[in-house]
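Beneath this line is the structure, given in structure tokens, with notes to follow.
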Amino acid sequence: MSVKTIEHAITLSNAEMMAVFGRDDAAIRELEERLDVHIVSRGNQIKIIGPPEETHDAARVIDTWLEAARHSAEGKIKPQQIQYAIDAVRRKEDKDLKEAYGDRIEVPYKGRRISPMTLGQKRYVDAIRKKDVVFGIGPAGTGKTYLAMAMAVNRLVAGTVSRIVLVRPVVEAGESLGFLPGDIAQKIDPYLRPLYDALYEMMGVERSRTLLDTGVVEVAPLAYMRGRTLNNAFIVLDEAQNTTIEQMKMFLTRMGFDSKIVVTGDITQIDLPKHKESGLIHVGRVLRGIPQIAFIEMDESDVVRHSLVQAIVRAYEQAANPEKDKRTEKRREEAAGATEKGEADSVDASQ
């Protein structure tokens with residue numbers, strides 16, 4: 001029995017054509033491969049040819065890409081958005097994804113606006129807006145620290161808080177501080193450098209240095225937080241997987257009036273001694289369920305770096321938890337079996 005095909009035409013502007021096709025048609029090739037459709041372009045019109053459901057899904061993917069391009073400073077789709085939009089359409093979540101692209105976090109440097117790029121990131125940003133304490137947990141590249149920094153800068157500029165405090169634990173990840181050159185400030189500076197880099201990107205170097213010099217923005221190792229109470233502040237604790245239970249409790253109790261805390265970390269990259277439990281793992285058991293505290297967990301699908309990073313994160317997760325991988329594969333096989341049975345039943349009914 002031949003498979004029915006339909007044709008769906010979309011007319012785009014020159015800018016939209018450039019956004020969708022780019023220079024090498026990578027997005028279109030990916031769409032054709034993933035959805036079993038054929039796409040041709042003539043002038044400013046593109047035609048999608050394929051089975052009805054696949055064709056309509058492809059049109060929704062292109063619509064989602066266009067929304068991403070409209071909210072991009074460069075006016076084009078980022079490579080990591082290509083596959084993610086296809087997956088979102090498959091899960092019937094493209095409407096939510098387009099809302100995420102429309103969410104704007106304004107930061108002062110050159111009028112930049114930062115948007116969530118995945119549904120996990122959107123949940124994370126929304127939680128920061130609504131909750132007093134937010135834990136962002138996930139692998140490298142999910143934007144945990146970057147989005148927390150963007151929200152901190154945004155709240156400072158809006159006058160919601162009067163200062164930003166950026167904190168990191170200083171943990172020796174296989175290297176000894178004692179062998180590093182310089183005094184203690186110079187020794188710990190590399191650990192805090194990612195926070196400085198994000199700050200410079202969002203506020204500019206000169207303005208950032210002025211705010212750092214005046215104490216409006218403070219970047220400090222976790223040990224310096226003991227004994228303090230931080231009022232009217234946006235406080236970010238980064239790399240929190242490397243806090244002990246005692247350090248996590250100490251940090252969270254620094255919170256004063258009119259303050260917000262965001263804690264970020266990756267529980268798969270813990271550098272603590274083996275006999276020490278991570279405070280980030282422990283706190284999840286202790287504080288879940290408190291109304292003004294949110295735990296947002298992201299996974300490899302939220303990684304917005306090079307596509308290889310997603311593959312690396314997934315491979316390490318599978319190596320660390322092979323049983324979980326077997327269960328996932330079993331569920332996929334069961335789902336595929338159910339789909340094949342449904343298709344067979346549909347063919348029988350049509351004959």
**Message:** Looking only at the range 55-83, how many residues end up being out of contact with any helix residue (DSSP H, G or I) (no Cβ under 7 Å at 6 or more places or on another chain), part of a helix (DSSP H, G or I) and modelled with pLDDT under 90?
**Reply:** 1
**Asked** From the residues in the range 76-133 that are within 20 Å of V236 (Cβ to Cβ) and among the hydrophobic types (A, V, I, L, M, F, W, C), which one is most open to solvent (accessible area, probe 1.4 Å)?
**Response** M117
**Request:** Keeping to the range 256-270, report how many residues are of a type outside the set (V, I, T), under 15 Å from T243 (Cα atoms) and surrounded by 15 or more Cβ atoms within 10 Å (Cβ to Cβ).
**Result:** 2
**Message:** Condition check: basic (K, R) and within 16 Å of R29 (Cα to Cα). Does K78 satisfy that?
**Reply:** yes
**Request:** Could you check L222 against (1) closer than 24 Å to A198 by Cα; (2) surrounded by fewer than 20 Cβ atoms within 10 Å (Cβ to Cβ) and say which number it fails?
**Result:** (2)
**Item:** Neighbours by Cβ (under 6 Å, 6+ apart or cross-chain): first from the range 216-230, farther than 16 Å from V170 by Cα; second outside any loop (DSSP other than H, G, I, E, B) and open to solvent by 10 Å² or more (accessible area, probe 1.4 Å)
**Value:** V216/R163; V217/L211
**Prompt:** Mind checking which pairs have a first residue in the range 91-104 that is in a loop (DSSP other than H, G, I, E, B) and a second that is among the acidic types (D, E), Cβ under 9 Å, 6 or more apart or different chains?
**Reply:** E93/D87; D103/D126
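The values are calculated or read from the model by the stated rules, or taken from the named source; none is laboratory data. Everything quoted here is computed from the prediction, not taken from an experiment. All Cβ positions, glycine included, derive from the backbone under ideal geometry; neighbour counts span all protein chains shown. These area figures cover heavy atoms from the full protein model, side chains too; ligands, DNA and RNA do not enter into them. Shrake-Rupley method; radii C 1.70, N 1.55, O 1.52, S 1.80 Å.
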